[in-house]
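*Asks:* Below are the structure tokens for one structure; questions will follow.
The values are calculated or read from the model by the stated rules, or taken from the named source; none is laboratory data. Note that the coordinates shown come from a computational prediction; the quantities given were computed from them, not determined experimentally. Cβ sites come from the backbone with ideal geometry, for glycine too, and all protein chains shown count toward neighbours.
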Amino acid sequence: MKINHLAIAVSDIEQSCALWSKVLQMDKPEVHILDDSGVIACPFETENLIIELIQPIDKNSPIWKFVHEKGGGLHHVALESDDIESDIEIGKSNGFRFLGDNPVEGLNDTKVIFMHPKSLGVLVELVQVKNS
């Protein structure tokens with residue numbers, strides 16, 4: 001597995017995208033609204049990984065509390081999987097807990113599932129690009 005992306009929770013996606021555009025010396029990418037995940041996402045595709053800025057859509061978003069209590073910051077690490085269903089079974093057989101039973105649709109034609117942060121001490125997302 002390799003790191004697919006680092007997700008950084010932010011309170012203002014436009015302001016954060018402008019700052020990251022400057023530091024990465026890249027044009028601002030397209031902003032995506034992920035209603036099912038409750039976030040607005042701005043993915044910067046760098047040479048070796050994606051830096052994904054995420055802003056909660058509203059108070060029902062799973063990251064709303066994180067942003068409002070901590071002011072944002074590193075939210076999760078995403079690991080790329082070649083076979084997400086197999087990796088879920090391997091994880092479960094090793095005692096890891098998942099948030100949900102099955103992968104769901106993610107950004108840019110991916111399947112994703114999150115591992116409970118108590119499993120590894122940090123929130124981890126498994127990501128499978130559908131054509132891999």
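*Asks:* Filter the stretch 83-107 down to residues that are of a type outside the set (V, I, T) and in contact with an Asp or Glu (Cβ under 9 Å, 6 or more places away or on another chain) and give me whichever is farthest from N4 (Cα to Cα).
*Replies:* N102
*Asks:* Restricting the search to the stretch 49-65, which residues are of a type outside the set (A, V, I, L, M), touching a residue at least 12 places away in the same chain (Cβ under 8 Å) and surrounded by fewer than 18 Cβ atoms within 10 Å (Cβ to Cβ)? Give the derivation first.
*Replies:* First pass over the stretch 49-65, keeping only residues of a type outside the set (A, V, I, L, M): 52, 55-56, 58-62, 64-65.
Now drop any that are not touching a residue at least 12 places away in the same chain (Cβ under 8 Å), which leaves 52, 55-56, 58, 60-62, 64.
Matches in the stretch 49-65: D58, N60, P62.
One line per residue, one yes/no per condition, for (1) outside any strand (DSSP E or B); (2) charged (D, E, K, R); (3) modelled with pLDDT under 95:
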site: I40; (1), (2), (3): no, no, no
site: P43; (1), (2), (3): no, no, no
site: I54; (1), (2), (3): no, no, no
site: P62; (1), (2), (3): yes, no, yes
site: D87; (1), (2), (3): yes, yes, no
site: G100; (1), (2), (3): no, no, yes
site: F114; (1), (2), (3): no, no, no
site: S119; (1), (2), (3): yes, no, yes
site: V127; (1), (2), (3): no, no, no
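*Asks:* Report the residue count in the stretch 1-57 for those that are more than 15 Å from the chain's Cα centre (by Cα) and of a type in the set (G, A, S).
*Replies:* 4
*Asks:* Here is a further query. Can you tell me which of (1) in contact with a helix residue (DSSP H, G or I) (Cβ under 6 Å, 6 or more places away or on another chain); (2) without any contact (Cβ under 8 Å) to a residue 12 or more places away in the chain is the one K92 doesn't meet?
*Replies:* (1)
*Asks:* Let me ask something else. With respect to E69, is the statement that it is of a type in the set (D, E, K, R), closer than 18 Å to L123 by Cβ and assigned to a strand (DSSP E or B) true?
*Replies:* no
*Asks:* Across the stretch 7-36, what is the total count of residues that are surrounded by 15 or more Cβ atoms within 10 Å (Cβ to Cβ), within 30 Å of I90 (Cα to Cα) and not small (G, A, S)?
*Replies:* Result for the stretch 7-36: 2.
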